[in-house]
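In what follows, a structure is listed as structure tokens, so that the remarks can point back to it.
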Amino acid sequence: MPVDPISLEVFKNMFESVAEEMGVALQRTAYSPNIKERRDFSCAIFDPQGNMVAQAAHQPVHLGAMPASVEAALQEFPNALNAGDIVILNDPYLGGTHLPDITMVAPVYANHNGTKTLAGFVANRGHHADVGGMTPGSLPLSTELYQEGTIIPPIKLARRGRMNNEIIQLICRNSRTPDERKGDLAAQTAAIRVGELRMREVTERYGMSDTLEHMAALLDYTERVTRRAISKIPDGRYEVLDYMDDDGLTQELVPIAVAITVTGDEMSIDFTGTSPQRPGCINAPVSVTTSACLYVIRCLLDENAPANQGCLRPLHINAPRGSLVNPEPQRGVAAGNVETSQRITDVLFAALAQALPNVIPAASQGTMNNMIIGGHDPVRNKPFVYYETIAGGMGARPDKDGISGIHTHMTNTMNTPVEAMEFAFPIRLKRYAIRRGSGGDGKYKGGDGVIRDVEFLAPARVTLMSERRKLPPPGYHGGHHGETGENVMLKGGYEEIRLAGKELVDVEAGDVISVRTPGAGGWGAPEDEQSS
Amino acid sequence: MPNNPASDNTVQRRVVGIDVGGTFTDIAVLEDGKLTVHKLPSTPDDPSRGILQGVKETGVTSAEFVHGSTVATNALLEGKGARTALVTTMGFEDVLEIGRQARAELYNLEMDRAPALAPWELRFGLPERVDHTGTIIEDLTPEAIQTLIGMLEESGAEAVAVSFLFSFLNTAHEEMVRDALQKMKNPPYISISSRVLPEFREYERASTVVVNAYVGKVMSRYLGELEGPLGKGLRIMQSSGGSITARLASEEPVRTILSGPAGGVVGAFYSAMQAGYPDIITLDMGGTSTDVSLCPGQIKETTASNIGGYPIGVPMIDIHTVGAGGGSIARVDTGGALVVGPESAGADPGPACYGNGDQLTVTDANLFLGRLLPDRFLGGRITLDRERVEGLMDSLAAQINAQAQQAALGINRVVNSKMERAIRSISLERGYDPRLFTLVPFGGAGPMHACELAQELGIPRVLVPARPGILSALGVAIADIVKDYSRTVMLRGADLDRGRLDEEFHGMEGQAKEEMTGEGLSVDKMLTRRFLDVRYVGQSFELTIDYPSRNTKSDLNKIIGDSFYKAHLRRFGYADKKEPVEIVNLRLKLDVPMDKPQTVPQIIGPADPSGALIGEAEVVFQEGSIISPLYQREQLTCGNRVSGPALVIQMDCTTVLPPGWGGPVDPFGNLLLEPE
């Protein structure tokens, strides 16, 4: 079947459904609440060159980072990836993002004129609640990568269909919650096998040539859609400077600068002027930076367009080596993926808002409010690690208010039900509410943040990794900024102690940690509200 | 799902099934095992008008009426429910709004979240707390309730939902609030979560009880109006595929949200079972969307539905909906791909061929391809405008550099690929191979696409029921009376003993029987069935298994484990027999079997279908344009064999047989199509 506008849509549906089916297999068979309940994972399909052709609508932060994993696998094993092999990795400097994100990549071989031919790759990534390192949850306030947990360079977990279980043993032994790891890794393997099977079925049904041609055509298609979207942006240079609160070690603001230059249907994104890499763990590997760029561009496209690497072709990204957005190996990166990615997104949208004032919303909460709790459960008599991210305000839009208490931009993980948490952990929720009035005023109001008060029923060690505790999410075009977030400990339930945005704290039974997430920016001056 | 053949001792009765759709109201009369049907236009402004008119036209005066109602659905989706308040544990008033904190669309900056049905100013928190063991750790005081009543009186709330944390383990506080509110001067419609959905996960539970309160008044009023003329025996179809008395439906209308689609699946499953095909995939293709459902020898239920952005936790038939139907609009996007839907031309302006709209739809493509005949649509009630479609098709074709015919075939292929994706997701993703199933299409457009879709999926057989257009009304008429009960218990290890479980079930059965007797239903005809929702300790997905019967001797823990591992293996492809399990919920199903039409199988006659031949027409298939015979469905008799290319026409439905597909009319009037 030659490529035509009809077959393009048919193949798009098919590749996306394969990626989705992998996701369902992963979620259903996974063991940890983080993957099952919060859906912190992604699955994608690649062509034989390693270009991402389709990603299921999972976590945006994995968008640009998945191709880096396939690329790393290809580089590590040039011409040596065989049918049935699975490469596993989490090295942020070799295809990973941060250590808890473990990725598996597998080649798909199918029959073509009697010989086994490479039809592409399937890959998935899951966020594991603990991979060792200095604090439970493996998102520590570190100063180098080695403190953050077990580093897995691209290695073969399976060779020609035979699993090397010793690798699993090694990973599990380095985790505080080995049983969970074992279950989740098994689920990732199962999802890879489902992906391989389905991709082989596609090639059997349509033939190898047609399959490969349509992969290429889908990349071209997304490129065309992207160029069309960029060409609607007025030509020009749009510069923005914003800051991260700090790197968790010192109190200095950390600048992130971007200059977007639009010329016709091409866009260059230049991060020159961004802070040099930091001693603290907020460095964002370049794959994370790329993810943020891809996400922002994808938001400008029709909802129907596939999220694939065709998006990247009209983009020229310059992330200076040694900077916060492209650090040198072995720098700490735990928060790069979860916090810095949000600020990169903020500056990209802020720059585009100059060009497209009536399209781009004001700043959203700009953080994921990571809370990681680890300890020993005296009632259930076992160690536990619990990780969550907390929603906040969504920026006001040019034609309507933002939304309150929702995850924005680079994450979309779900919360854990209060009752599920209390059944499982020595924790009691005291309050889970919208932080009224925290969204910025404006012609359209920014969404409010939330308040989550967690009481501990047993001693625990808590890591907080959050942003926008110093500088608030800005409003646009006269809209007011949202409230900054606050982290507070209520010692014994009463005595208020202010905590920093990034903090490691040991709590006793009866202590409460209250995370109050940022409200979002408003859009337009409030006095225009009447006339609207 | 029940599928009990009518027992000998059931009295012959007259049952009337009523299904109200957007376009038609269908009435199925079941008497002495015989089925007659009646169809008339719906009256969307007041559905009861069409119903009463239709019943009058059938000439039936006294009967048991069963109704598939969209009143609750429409009130929910159109935001026309009551002014609803929500009472929660203090500090958790906003759980309803935050939901699961995720957004429905990743890349849509303009996305909206469905507004909370109980708005902020109508959400009230009370000081009280129950912990995860069911122990009250903060008492609810009468003073707090009095304050609440004051606020409710001021707020003008017409309905009140109550959902406290862990109320499924200790119902005391919710009941205190209910009892106090009932004594108000003008008591609102009250709904408490420990009654509607006593299960864990506070957001889903609160959402369910709020939806219940929100649609409660509208539903009670509507059913009140119908009960007058139709009599007290009126029953309502529930989303789970069983019917329930109108009074109970007024109390728990949330159970009727997918009433109509449920009727279709029940009717399709019944037709296929009768014909000897218990493993089916249903395909209900309507104007704006298509519903698909997988029935592996039984109708499957889910307790994790989401309707219009609102989670609903009561059992519903597991139906997957995709935004592709006859009215889905075709266009070329900015990247040059031909896309179809999810935008729909709806009923107004409708497909271009209806004469008002300017956008091409799937229906228009079918008309262009000769698969719909312009002068035979809906029995000739509407004449379709082919010329209008030709002009539009030419301009669409020009945009993709193709002939008009290719463009029309393309629209068909694209919409089929969307439906294919939906079927893959309900089968392959859940561990079922579609190649082992029979596709049962119904609704106006299903039989037009079924054979091509089956071909793409490797489904070996398509069963087109005798009256695909009225299958929902049939399903509604034959539905058993079913009432579902559930309770979260969260038991594992040593806590898990038969004495404890039997005691819990016994309590639930007592409540259930009392309720059913109160409805005038005789308890001795009732079947009770017990189920357990089981999961690996600490996991968040439960699987439902049968509760082991009393006379098994082995260790209860082991039997439960074994059935769970088996179910897990089927669903997820693996099972770790060493991992401990826990029981999350107990489920009880009460079932009063109803008559089914005792259709006498027809005797197989000659294969020659020429008696039903009414002409021929040019129809376009992938293979090209072919002069194809037209058959009148009603005139085909048992044993007649039709072969594609051909169209089989009936008033409200056309079946398309592509070249290479064909088959006989079976003894029950179904058309059984297979690749020849």
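Assorted remarks:
- Proximal lysines to B:Lys56, defined as alpha-carbon separation beneath 21 angstrom and excluding residues fewer than eight positions away on the same chain: B:Lys34, B:Lys39, B:Lys232
- Cα-based Rg / Dmax (Å) for region A:361-532: 17.1, 62
- FRET efficiency for the pair B:Ala304 and B:Leu521, taken as 1/(1 + (r/R0)^6) with r the Cβ-Cβ distance and R0 = 45 Å, rounds to 0.95.
- What the pair-distance distribution of chain B shows, using all Cα-Cα distances binned every 10 Å from zero, is 3, 15, 24, 26, 19, 10, 4, 1, 0 percent.
- Take the Cβ atoms of B:Asp497 and B:His320, set R0 to 30 Å, and the FRET efficiency comes out at 0.20.
- Taking the Cα centre of region A:361-532 as reference, the dipole from Cβ charges on Lys and Arg (+1) and Asp and Glu (-1) amounts to some 220 debye.
- Under the span-like rule (Cα at least 18 Å along the axis, Kyte-Doolittle mean at least 0.0), DSSP H helices of chain A: A:5-29, A:286-299, A:341-355
- Given in Å, the Rg to one decimal and the Dmax to the nearest whole number for the Cα atoms of region B:400-492 are 18.6, 65.
- Ranking of A:Ile171, A:Ile192, B:Ile604 by count of other Cβ atoms within 10 Å, fewest first: B:Ile604, A:Ile171, A:Ile192
- Averaged over peptide A:410-420, the number of partner chain Cβ atoms lying within 10 Å of each residue's Cβ comes to 6.
- Relative contact order computed over chain B (Cα-Cα under 8 Å; 6+ residues apart), in percent: 13 percent
- Stokes-Einstein diffusion coefficient of region B:481-592, Kirkwood radius over Cα pairs, 4 °C, 1.567 mPa s, in µm²/s: 87 µm²/s
- Secondary-structure-derived ellipticity at 222 nm for the protein assembly as shown, considering helices only, amounts to -9000 deg cm²/dmol, per-run term -39500 (n - 2.57) for DSSP H runs with n ≥ 4.
- Ordering A:Arg468, A:Arg227 by the number of other Cβ atoms within 10 Å of each residue's own Cβ, fewest first, gives A:Arg227, A:Arg468.
- Placing a label point 7 Å from the Cα of B:Asp546 along the Cα-to-Cβ direction, the residues of region B:289-307 with a backbone N closer than 18 Å are B:296-301.
- The tail of the calculated P(r) for the protein assembly as shown beyond 60 Å holds 11 percent of all Cα-Cα pairs.
- Convex hull of region B:534-676 built on C-alpha atoms - directionally averaged projected area, nm²: 15.3 nm²
- Taking the fewest neighbouring Cβ atoms within 10 Å as the starting point, the ordered list for B:Ser293, B:Ser522 is B:Ser522, B:Ser293.
- Relative contact order of region B:190-292: 18 percent, from C-alpha pairs under 8 Å at least 6 residues apart in sequence.
- Overall form of chain A per C-alpha gyration tensor (a/c, 1.5; a/b vs b/c): oblate
- Taking the Cα centre of the protein assembly as shown as origin and assigning +1 to Lys and Arg Cβ atoms and -1 to Asp and Glu Cβ atoms, the resulting dipole is close to 1800 debye.
- With contacts taken as Cα pairs under 8 Å at a separation of at least 6 residues, region B:358-513 carries a relative contact order of 14 percent.
- Qualifying lysines (Cα of each under 20 Å from Cα of A:Lys470; at least 8 residues distant if same chain): A:Lys502
- With semi-axes defined as the square roots of five times the eigenvalues of the C-alpha gyration tensor, the equivalent ellipsoid of region A:182-283 measures 40, 28, 8 Å, largest first.
- When the convex hull of its Cα atoms is projected in every direction, mean area for region B:106-248 (nm²): 12.0 nm²
- Restriction of the trypsin sites (Lys or Arg not before Pro) in region B:186-260 to DSSP coil positions whose beta-carbon has at most 13 other beta-carbons within 10 angstrom yields B:Lys232.
- Projected area averaged over orientations for region A:5-224, convex hull of C-alpha atoms, nm²: 11.8 nm²
- The magnitude of the dipole of region A:139-184, with charges of +1 and -1 set on the Cβ of Lys/Arg and Asp/Glu and taken from the Cα centre, is near 380 debye.
- Listed values for region A:438-447 are Karplus-derived 3J(HN,Hα) couplings in whole Hz (6.51 cos²θ - 1.76 cosθ + 1.60, θ = phi - 60°), namely 7, x, x, 6, x, 3, 10, 8, x, x, and x replaces Gly and Pro.
- For B:536-546, mean number of other protein chain Cβ atoms within 10 Å: 4
- For the protein assembly as shown, the residue among B:Pro296, A:His409, A:Ala509 whose Cα projects farthest onto the positive side of the dipole built from Cβ charges is B:Pro296.
- Note on region A:5-224: dipole from Cβ charges, positive end direction compared against A:Cys43, A:Ala106, A:Pro5; the farthest Cα belongs to A:Ala106.
Every read-out reported here was derived from the displayed coordinates using simple, explicitly stated rules and does not represent laboratory data. No experiment lies behind these values; they were computed from the predicted model shown. So basically every Cβ, Gly included, is an ideal-geometry build from the backbone, and we count neighbours across all protein chains shown.
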